[in-house]
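Worksheet: the structure to be examined is printed underneath.
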Amino acid sequence: QKEVEQDPGPLSVPEGAIVSLNCTYSNSAFQYFMWYRQYSRKGPELLMYTYSSGNKEDGRFTAQVDKSSKYISLFIRDSQPSDSATYLCAMKGSNYQLIWGAGTKLIIKP
Amino acid sequence: DTAVSQTPKYLVTQMGNDKSIKCEQNLGHDTMYWYKQDSKKFLKIMFSYNNKELIINETVPNRFSPKSPDKAHLNLHINSLELGDSAVYFCASSQTGPGGYTFGSGTRLTVV
């Protein structure tokens, strides 16, 4: 079993919809949770960073961490075609080694 | 001014050749990484250097050799290239601790 599980998709939704992307993990020592966005033929870029449990909001993006369920989510409100990309979750424990999900390909249809 | 820059962006070469990819970061980070991303987009760590010292060396063929002349540079040399080496190689950097990584734009390697 992988330490971090993420559905690779693709996930296709119409423009304006709310998107929910998720990852589950098995290591309870993870404390630092990240979402990266990767456009085609580009490097991943850090989108959201959360420490421990709770929510964090940045514009149309909300990151949510539920450590009791070992489950993290990224919500995108009012989705735009420019949000079409691969979204990768990643997380760290106290050894600071970053463990990656497989990435979910998101397609926003105009 | 690009934070993590890697060259070349594209590399097409024949089997058996030797090639190098260069990476430089101007963020003052103390740790640099090489990742391989396959066609399914999974990011696989290959090497990690902290202040020029190798700290992670995942199971990669010894045809791959990283070299860090200083903490702002991490190069990747590949000997005797094989078809299975075709992938996108990303360089990244970070500061030791809980923060995230900054990635370069990738080098798309095609071995023919």
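The values are calculated or read from the model by the stated rules, or taken from the named source; none is laboratory data. Note that the structure is predicted; figures quoted are calculated from it, not measured. So basically every Cβ, Gly included, is an ideal-geometry build from the backbone, and we count neighbours across all protein chains shown. Surface accessibility is based on the protein's heavy atoms, side chains included, excluding ligands, DNA and RNA. Shrake-Rupley method; radii C 1.70, N 1.55, O 1.52, S 1.80 Å.
When chain B is treated as a GNM with alpha-carbon contacts under 10 Å, the residue of B:LYS67, B:LYS41, B:LYS22 showing the greatest mean-square fluctuation is B:LYS41. The calculated P(r) of chain A, using every Cα pair and 10 Å bins from 0, goes 15, 50, 30, 5, 0 in percent. Unpaired Cys in the protein assembly as shown, meaning no second Cys C-beta under 4.7 Å: none found.
Computed from point charges on the beta carbon alone (+1 for Lys and Arg, -1 for Asp and Glu), the dipole magnitude for the range B:34-91 about its Cα centre is near 120 Debye. Buried between B and A is an accessible area of approximately 1600 Å², summed over both sides with a 1.4 Å probe.
Within the accessible surface of chain A, defined with a 1.4 Å probe on protein heavy atoms only, the carbon and sulfur portion equals 48 percent. Over all pairs of different C-alpha atoms in the protein assembly as shown, the reciprocal of the mean inverse distance, the Kirkwood hydrodynamic radius, equals 18.1 Å. Per residue, the solvent-accessible area of chain A (1.4 Å probe, heavy atoms of protein chains only, all protein chains present) comes to 48 Å².
When only alpha carbons of chain B are considered, Rg and Dmax amount to 13.2, 40 Å.
For B:LYS36, a cut-off of 16 angstrom between C-alpha atoms picks up these lysines, skipping any fewer than 8 places away in its own chain: A:LYS42, B:LYS9, B:LYS19, B:LYS22, B:LYS44. The residue list B:PRO8, A:THR62, B:SER105 was ranked by how far each Cα lies along the charge dipole of the protein assembly as shown toward its positive end, using unit charges on Cβ atoms, and B:PRO8 comes out on top.
Each Lys and Arg contributes +1 and each Asp and Glu -1, all at the Cβ; summed about the Cα centre of the protein assembly as shown, the dipole is approximately 260 debye. Computed about the Cα centre, the dipole magnitude for chain B is approximately 240 debye when only Lys and Arg (+1) and Asp and Glu (-1) carry charge, each at its Cβ.
Any idea of the accessible area per residue across chain B, 1.4 Å probe, to the nearest Å²? Working shown, then result.
On the way: 5530 Å² over 112 residues.
Value for chain B: 49 Å² per residue.
Taking the DSSP bridge list for chain B and keeping only pairs wholly inside it, about 90 percent are antiparallel. Split the accessible area of chain B by element, probe 1.4 Å, and carbon with sulfur accounts for 50%.
Which listed residue (B:ALA87, A:ASN22, A:TYR87) has the Cα farthest towards the positive end of the charge dipole for the protein assembly as shown, taking +1 on Lys and Arg C-beta and -1 on Asp and Glu C-beta about the Cα centre? Of the listed residues, the answer is B:ALA87.
For the range A:24-53, a drop of 30 Å² or more in accessible area on going from the chain alone to the assembled protein chains (1.4 Å probe) is found at A:TYR36, A:GLN38, A:ARG41, A:GLY43, A:PRO44, A:TYR49. If the chain linking B:VAL12 and B:LYS67 were pulled fully straight, counting 0.36 nm for each residue of separation and taking away their Cα-Cα distance, it would gain 17.6 nm. Between the C-alpha center of the range B:71-98 and that of the range A:52-76 there is a gap of 30 Å.
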